[in-house]
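Colleague: Let me begin by handing over the structure; questions about it come next.
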Amino acid sequence: MAAIAVTGANRGIGAGIAAALAERGFAVACLTRSGRGPEGLDLPAYPVDVTDTAGLARALDAAAADLGGLEGLVNNAGTHLQGPSADFPVGDFARTMAVNTTAVFAAAQAAYPHLKANGGGIVVNIGSYWERLGVSANAAYCASKAAVSGLTRCLAVEWAKDNISVYTVAPGYVETDMNAEILANPRFRAWLERRIPVGRPGRVDEVARFVALLFAEKIHYLTGETIVMDGAQSINQ
């Protein structure tokens, strides 16, 4: 059985996705800076910094060789640097784009020959509902995630003939260890619960189960789309 590679699979949404895929019986390759997969799961892991394009290609090649090929890729690794646009360091903007956008393209490009050799496959890029918004002090993050959806559309069009589907899954506020502090703020939590029509932030397992569903169902006619999972927050007026 070919494997699904997941970047940033050792914590948060990435760890949840790796676990959900494994639970459904998929072989999973975890690509992480630490070289470790989700805590408590014995999944093969490959150390890599996603901004190292050559290293990323080597990690994907190794995973394919070890696990019988690749049938999928989840581009989950990301960073979130923020600050006022008037004096936000250009180097931080470039770093954000490198991790959130360029690495997504590089990983998809490196995975492509393996997916093609497999007879097709699926690429899921983890975006953000902020791609639709103008968020103060977050130009770099919003731009990087909007670019991910642009990549998704282009790759979907180019690779449809190879039976490769490409999606962006764009979560809203999801409870993870990275945002636990702000979500624990009673005032912010109350505002969020009023602002999100379903009345709460999302859970990691909800995003993870949906991504796993895309791989399980393999609906090739659905491709190129950005699927927002934000409890209807971004369309709430």
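The values are calculated or read from the model by the stated rules, or taken from the named source; none is laboratory data. On a predicted model such as this, the values are computed, not experimentally measured, just so you know. Positions of Cβ are backbone-derived with ideal geometry, glycine not excepted, and every protein chain shown enters the neighbour counts. The protein model used for the area step is the full one, side chains on, heavy atoms only, and it has no ligands, DNA or RNA in it. Shrake-Rupley method; radii C 1.70, N 1.55, O 1.52, S 1.80 Å.
Colleague: Which ones in region 17-33 are in a helix (DSSP H, G or I) and open to solvent by 30 Å² or more (accessible area, probe 1.4 Å)?
Modeller: Ala19, Ala22, Glu23
Colleague: Among the residues of region 34-57, are any open to solvent by 30 Å² or more (accessible area, probe 1.4 Å), of a type in the set (A, V, I, L, M, F, W, C) and assigned to a loop (DSSP other than H, G, I, E, B)?
Modeller: Checked region 34-57: at least one residue is open to solvent by 30 Å² or more (accessible area, probe 1.4 Å), of a type in the set (A, V, I, L, M, F, W, C) and assigned to a loop (DSSP other than H, G, I, E, B).
Colleague: May I pose another question? Which number in (1) buried (at least 16 other Cβ atoms within 10 Å of the Cβ); (2) acidic (Asp, Glu); (3) over 30 Å from Lys161 (Cβ atoms) marks the one condition that Asp61 misses?
Modeller: It fails just one condition, (3).
Colleague: If Val157 meets every condition in (1) touching a Ser or Thr at 6+ places or on another chain (Cβ under 8 Å); (2) within 19 Å of Ala108 (Cβ to Cβ); (3) among the hydrophobic types (A, V, I, L, M, F, W, C) apart from one, which number is that one?
Modeller: It is condition (1) that Val157 fails.
Colleague: Say we look at region 163-185 and pick out the residues that are surrounded by fewer than 23 Cβ atoms within 10 Å (Cβ to Cβ) and among the small types (Gly, Ala, Ser); which of these is nearest to Arg153 (Cα to Cα)?
Modeller: The selected residue is Gly172.
Colleague: Kindly indicate whether any position in region 25-37 is over 16 Å from Ala111 (Cβ atoms) and either out of contact with any strand residue (DSSP E or B) (no Cβ under 9 Å at 6 or more places or on another chain) or modelled with pLDDT under 95 (or both).
Modeller: Yes, region 25-37 has at least one match.
Colleague: Continuing with the same structure: Which one is least open to solvent (accessible area, probe 1.4 Å), of the residues in region 201-229 that are under 21 Å from Met178 (Cα atoms) and acidic (Asp, Glu)?
Modeller: So the residue we want is Glu206.
Colleague: Let me confirm something: among Ala103, Ala98, which residue is buried (at least 21 other Cβ atoms within 10 Å of the Cβ), among the small types (Gly, Ala, Ser) and either in contact with a strand residue (DSSP E or B) (Cβ under 9 Å, 6 or more places away or on another chain) or more than 21 Å from Val228 (Cα to Cα) (or both)?
Modeller: Only one candidate qualifies: Ala103.
Colleague: Glu181 - would you say it is part of a helix (DSSP H, G or I), under 28 Å from Pro38 (Cβ atoms), modelled with pLDDT of 95 or more and among the charged types (D, E, K, R)?
Modeller: No; evaluated as a whole, the condition is false for this residue.
Colleague: Now for a different question. How many residues are surrounded by 24 or more Cβ atoms within 10 Å (Cβ to Cβ) and hydroxyl-bearing (Ser, Thr, Tyr) when one looks only at region 114-162?
Modeller: 3
Colleague: Okay, next question. Just checking, which of Ala64, Ala20 is modelled with pLDDT of 95 or more, more than 27 Å from Pro201 (Cβ to Cβ) and not charged (D, E, K, R)?
Modeller: One residue alone meets the criteria, Ala64.
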